[in-house]
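Here's the structure we're looking at; comments come further down.
Read the figures in this text as sums done on the coordinates, not as results from a lab. Computed from a predicted structure; not experimentally measured. When we count neighbours, we look across all protein chains shown, and the Cβ atoms used for this are built from the backbone with ideal geometry, even at glycine.
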Amino acid sequence: MEDPSWKQENSTTGIRERHEERRDIVAKTKEATSEFIMERRGTFERNETVRIEAFSDGVFAIAITLLVLGIKVPKSHELGANGSLGAMLIKLWPHYLAFVTSFITIFAKWVNHHRIFSFIQRTDHPFLYWNGLLLLLITFMPYPTALLAEYLPHPEAKAAGAVFAGTYAATAFAFKGLWHHASKNGRLLAPNVDDREIRQITTQFRFGPLLYLAAFALSFASVGLSVGLCLCLAVFSGFQGWPTLRSAVRFLKRRP
């Protein structure tokens, strides 16, 4: 004859095991759901930053293309009877200078913009507005470029140079605001980013706007030096963001 207490004990043990199995299943389901939600959220955030960068790339491309419209083709009737096309083309040297300076600058800004987005994983509304302000100034750049090209040999060259350098300074401050908002307390940055890169970018945007302000002040004394400083700053900031160059610098610093 079977012992009723043994049956009850086995039944209680079975019920307990089934409850534990159910708890394990529920816990694993919640964990899998949480991981799925986090993965979907991360994918959504990356898609949002990709959209912003793609839109920004289009704006940069249009702005850099519009620069060439400031170089006018000499009309045949402007040459005169004994005119020389070669001489007319040489006279357009202010347009070439302004074009090259602005092209290099916008290209360097695009390099820095792309570099920033390599560290950004999330976005918010203030970041969109900062990026919009930056794109506003980028699209405005063809105008001061054409203005400088037209008035460089003119007595009013200093005013044109001030507008040119002032636009560059405003763009530098917009970049500073964009990066400050994204990097403060790692607000919008991806996890496990290289702290050395973050510090380097922060330092660059800390001193860049001040140097462009110096170029703006210099334009009232010498337009040529002001434009030259703007060009040097653009080249330096653009090349400073190249990983190969940064790696070479770190290698040289490690050498005894």
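Scalar couplings 3J(HN,Hα) for segment 128-136, obtained by applying the Karplus form with A = 6.51, B = -1.76, C = 1.60 to θ = phi - 60°, are 4, 5, 4, 5, x, 4, 4, 5, 4 Hz; x denotes Gly and Pro.
Count Lys and Arg as plus one, Asp and Glu as minus one, and take only other residues whose Cβ is under 15 Å from that of L213; the net charge is then +2.
Exposure proxy ranking for R115, R199, based on other Cβ atoms within 10 angstrom of each Cβ and starting from the fewest, stands as R199, R115. Among V227, V68, V111, the ranking by other beta carbons within 10 Å of each residue's beta carbon, starting with the fewest, stands as V68, V111, V227.
Under the simplified labelling scheme, the H125-Y143 pair shows an inter-label distance of 2.8 nm, with each label point 7 Å from Cα along Cα→Cβ. Put in line by how crowded their Cβ is, counting other Cβ atoms within 10 Å and starting with the fewest, T145, T65, T105 read T65, T105, T145.
What is the sum of charges around V59, taking Lys and Arg as +1, Asp and Glu as -1, for the other residues whose C-beta is under 12 Å from the C-beta of V59? Around V59, the charge tally is -1.
A Förster radius of 25 Å combined with the Cβ-Cβ distance from R187 to R51 puts the calculated FRET efficiency at roughly 0.85. Measuring between alpha carbons in the structure, the pairs from K91/K176; K75/K158; K72/K109; K109/K184 lying more than 31 angstrom apart are K91/K176.
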